[in-house]
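The block underneath contains the structure these notes are about, expressed in structure tokens.
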Amino acid sequence: MPDHPPVPLTLEGSWLLHQFFRFDWKAWRCCAQGERSETVDEAVATLQKMERPGADAPARSALYSQLGYKGDLMLVHFRDSLDELNQIELDLAQTRFFDFLDQRHSYVSVIELGLYESSRKTYEAASERGFAAHSPEWNAEVDATLARQAEAMKTRLFPAVPDAKYLSFYPMDRKRGEGVNWYTVPFAERQRMMHEHGLIGRRYGDRVRQIISGSIGYDDWEWGVDLFADDPLVFKKLIYEMRFDEVSAVYALFGQFFVGVRLELEKLENWLAGKL
Ligand code: 76R
């Protein structure tokens, strides 16, 4: 048995907030034309500021027209801190547009890269240098390796909101049941399964962009999964294929799924007039 810690090392990046709103069409229709235009203008200006700090800056928030009863609009925000995400909530609440929104759901998480492949090597290298697990020297060695990896993976840790037309978002857990429990599976076994998971995923790499965020301690599930693609069928094909993969077939639990179509902010006015 390896004597290294059972928890894989992870790198964290942007903080994520997903917001899901019902839009109050009835109240909107009752609203006078002049007030409507002012409301849209103000909403677009506020959302534009949220979306990108400058005209050419990468998107850090995005709006989606949502399908189904779970909501009409989804907002996704990528930020550097929880505080900034909280500020977004407050900024949005100051707009008149917010009076027509009913937030039905939200999700808070932080982008996470799970380092199953390299954790063992990192732990073993620290042990080989004679450092006891969790001793100050061991911690320093592990932290230095993590810092190097974070630098190398900067663009994946702090990405722009991908430019795809469709978004599928859902939360997930790894099973902790009486029969099977992911958290009692030996590290090497989990590493093998995650490796196989990655191999399937990589075959879809050219058609889907996946962003995994960790939410242990912040929200009701353990991870959030964001899939971005220009063809929504890819979501079903990828997720279906993964269900047969050991780590999903045996250990995955899924929450609610949310799906939406990207809505450019200039088109919000059209959307409010019933045109996508
Ligand atoms: O980040 C990486 O590319 C490294 C490999 C990798 C990790 C660590 C990876 C690759 N995933 C990782 C972690 Mn994933 N992923 C999902 C789902 O699970 C299901 O059945 C469906 C939900 C999809 C569709 C998906 C896609 N992944 C995780 C984790 C954290 C678990 C943990 O650490 O224990 C979850 C919950 C999860 C779930 N994954 C990929 C993909 C795709 C498309 C890839 C390849 C990305 C690429 O290399 O282009």
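The values are calculated or read from the model by the stated rules, or taken from the named source; none is laboratory data. Just so it is clear, the model here is predicted, and its values are computed rather than measured. Neighbour counts run over all protein chains shown; Cβ positions are idealised from the backbone, glycine included. These accessible areas exclude ligands, DNA and RNA; they are computed on the full protein's heavy atoms, side chains included. Shrake-Rupley method; radii C 1.70, N 1.55, O 1.52, S 1.80 Å.
Data for the structure
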quantity	calculated
Derived scalar couplings ³J(HN,Hα) [the range 218-227; Karplus, 6.51 cos²θ - 1.76 cosθ + 1.60; whole Hz; x for Gly, Pro]	10, 8, 7, 10, 8, 9, x, 10, 10, 10
Area accessible to solvent at Lys236, 1.4 Å probe radius, in Å²	130 Å²
Gaussian network model of the chain, springs between alpha carbon atoms under 10 Å - residue of Pro171, Pro136, Pro159 with greatest fluctuation	Pro136
Computed helical MRE - 222 nm, the chain, DSSP H runs ≥ 4 contributing -39500 (n - 2.57), nearest 500	-12000 deg cm²/dmol
Space enclosed by the convex hull of the alpha-carbon atoms of the range 196-276, per residue, Å³	129 Å³
By average C-beta atoms within 10 angstrom, highest first, the peptides 186-192, 147-153	186-192, 147-153
By accessible area with a 1.4 Å probe, ligands and nucleic acids excluded, highest first: order of Val259, Val161	Val259, Val161
Values of log10 I(q)/I(0), in the order q = 0.15, 0.16, 0.17, 0.21 Å⁻¹, for the range 87-232 under a Debye, Cα-only, solvent-free model	-1.04, -1.15, -1.24, -1.50
Tail fraction, Cα-Cα pairs, the range 58-101, threshold 14 Å, whole percent	59 percent
Those lysines that a straight Cα-Cα span of less than 30 Å connects to Lys165, excepting residues fewer than 8 apart in one chain	Lys26, Lys49, Lys70, Lys154, Lys236, Lys237, Lys267, Lys275
Radius of gyration and maximum dimension Dmax of the range 160-204, Cα, Å	14.8, 42
Alpha-carbon gyration tensor eigenvalues x 5, square-rooted, for the range 22-66, Å	26, 14, 5
Hydrodynamic radius (Kirkwood) for the range 60-173, which is based on Cα pairs only, to one decimal in Å	17.7 Å
On Cα atoms only, tilt of 116-128 relative to the major axis of the chain in degrees	40 degrees
Accessible area of Glu137 in the full protein assembly, 1.4 Å probe (Å², nearest 10)	100 Å²
Distance between modelled label sites at Glu124 and Ala273, nm, 7 Å Cα→Cβ extension	6.5 nm
Extension gain from Glu266 to Lys26, taking 0.36 nm per residue of separation minus the Cα-Cα distance	84.1 nm
Estimated vicinal HN-Hα couplings, Hz - the range 73-87 in sequence order (Karplus 6.51, -1.76, 1.60; Gly, Pro = x)	9, 10, 10, 10, 10, 10, 9, 7, 8, 4, 4, 5, 5, 5, 5
Gyration tensor verdict on the chain (Cα atoms; rounded if a/c is under 1.5, prolate if a/b is larger than b/c, oblate otherwise)	prolate
³J(HN,Hα) computed for each position of the range 229-235 - Karplus, 6.51 cos²θ - 1.76 cosθ + 1.60, integer Hz, glycine/proline x	7, 8, 10, x, 5, 4, 4
Nearest-10 value in Å² for the accessible area of Ser14, using the 1.4 Å probe	10 Å²
Degrees between helix 33-51 axis and first principal axis of the chain (Cα, 0 to 90, nearest 10)	20 degrees
